[in-house]
Amino acid sequence: MMRFASPWMFLLLAAIPAAYLWARRGKGPLGWSFPSLGIVRASGASLRQHLLPLMPAMRALALALIVVALARPQFGTEKVRDISRGIAIEMVVDRSSSMAEEMQYRGRTVTRLDVVKSVFEDFVDAGGDLPGRPTDLVGMITFARFPDTICPLTLSHDALEALIGNVTLVQQRQEDGTAIGDAVALAAARLYKAEESLAEKTGEPTTYQIKSKVVILLTDGENNAGQRSVEQAGELAAEWGVKVYAIGVGGSRRVATAFGSYTQPNTPGVDDKPLRDLAESTGGIYRVATNSESLIEIYQEIDELEKSEIQSLRYLDYRELFPSFALAGLLLIGFETLLGTTVLRRVP
C-alpha cells in the first residue's frame, strides 16, 4: 500500500499555477501584423508550433513531481507491532575484573563478559535456540564497585543492543569490586517505578500492562562492595513483588602458584548461599553456568517460567520512493530547459 509521510507538502501544488500566472504577468501574445490572415491560415501550423504549449505543461508536471517527492511517498506493508501486555525485565550484569576470565563460545575463546553479552542479545532478540522477548520491557544495569543504569526499561530493543555493545570490563582499580546488593536493589527500584516511568515518557497514563517484574542477575563473584547486602536487596525485591533469577557464571580459571600457573576447570567462584537465598526469597531460581551452553539452557528455563503474551501484531515495513519522483522531476526540468534553448526556443 502507498502512503505519504509528509502529506502537508501537497499544499505546495497550489503554488504552481500561481507561479505560472506571476511569470506571465504583463506579457501579451507575441506576433506580427499581416494585411490578411488568409495566407497564414493556408500555410498551416508547424510541428514546432504544436509543441510549444507543451513547455509550460512540462514545467508544471516537473514541479508537481518534486512536490510529491517532498511529501515522501512510501510503499510497503502495514506491520506495526501493537503491544499492550508483557514482562518487565532488568538485566543486572557483573563487569568486574574477574569477568575477564575466558570461556568458549561458538568455537571462540572470549571473556565471560562477552559470552554474557552475546547470550543476552540472543535472549532479547531471538538468536540461536532462544525465542526472544519482543513484547517485553527490557533494561540493563551493570555493576562492579558501583551499579550503573546502562539502558532504562524499553521496548526499543535495537537501542538496547547498541548500548550493550559499549559495556566493557571495569578499567580503574578503584572502581573494581562486586556490589551485588546495590545492583539488585537498584534494579528492583527501577521495576517498582516502571509504570510511573512509562507514564512520564508518554505524558499520559500508559496502556501497557506489566504482567510480572523480573531481575536476571549474572555474576561470577561474591558481594564485597556497596552499602547493601544481598539479603537486604532480596528483602526490597520481595516487598516490591520483583522476582530475581540469579545466575552464577563460572568456567575454567587460570590459577597462579609458586610452581607456575595451571587451569582449574569449572570453578564458578560465586558465593552460592546468598544468591540461592536471594532467588528463593523472591520466587525466582538460582543456577550456575559453567559454559555458554549451560547459560543458554538457563535462559531457556527462564523463558519457560516467564512466558510473554502477544495480544496483537501489526508490522510496519515501508520503502521510500521519493528519490524516484525527485529524479523524474529534475530530468523533466532538464529536458524542458534543453528544448526551450534549442528547437523550441522563442524569440521575443
* Structure fact -> Full extension between Asp272 and Asp122 adds, at 0.36 nm per residue less the Cα distance, a length in nm of 51.4 nm
* **Ranked list, fewest to most other Cβ atoms within 10 Å of each Cβ, for Val115, Val215** => Val115, Val215
* Let me know the charge dipole size of region 85-305 about its Cα centre in debye, to the nearest 20, where only the beta-carbon of Lys, Arg (+1) and Asp, Glu (-1) is charged. => 300 debye
* Asked: Taking the Cα atoms of region 117-245 alone, what are Rg (to one decimal) and Dmax (as a whole number) in Å?
  -> 15.1, 45
* Asked: Once you put a point 7 Å from the Cα of Glu297 and another 7 Å from the Cα of Gln171, both along the Cβ direction, what distance in nm separates them?
  -> 3.8 nm
* Asked: How many nm is it between the label spots at Ala328 and Glu195, if each spot is 7 Å from the Cα in line with the beta carbon?
  -> 5.2 nm
* Structure fact -> From fewest to most C-beta neighbours within 10 Å, the residues Arg3, Arg319 line up as Arg319, Arg3
* For Arg319 and Thr341, FRET efficiency with R0 = 35 Å and r from the beta-carbon atoms, rounded to 0.05? -> 0.45
* To do: Subtracting the Cα-Cα distance from 0.36 nm times the residue separation, let me have the gained length for Phe75 to Ser281 in nm, one decimal.
  => 68.9 nm
* To do: At 0.36 nm per residue, minus the direct Cα-Cα distance, what do Glu222 and Leu13 gain on full extension? Give it in nm, one decimal, please.
  => 68.4 nm
* Asked: Given N residues in region 85-305, what is Rg(Cα) / (2.2 N^0.38 Å)?
  -> 0.99
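Here, each number is a calculation from the coordinates, and none is a lab measurement. Since we're looking at a predicted model, the values are computed, not measured. Methodologically, a virtual Cβ is constructed for each residue, glycine included, from the backbone with ideal geometry; neighbour enumeration extends over all protein chains shown.
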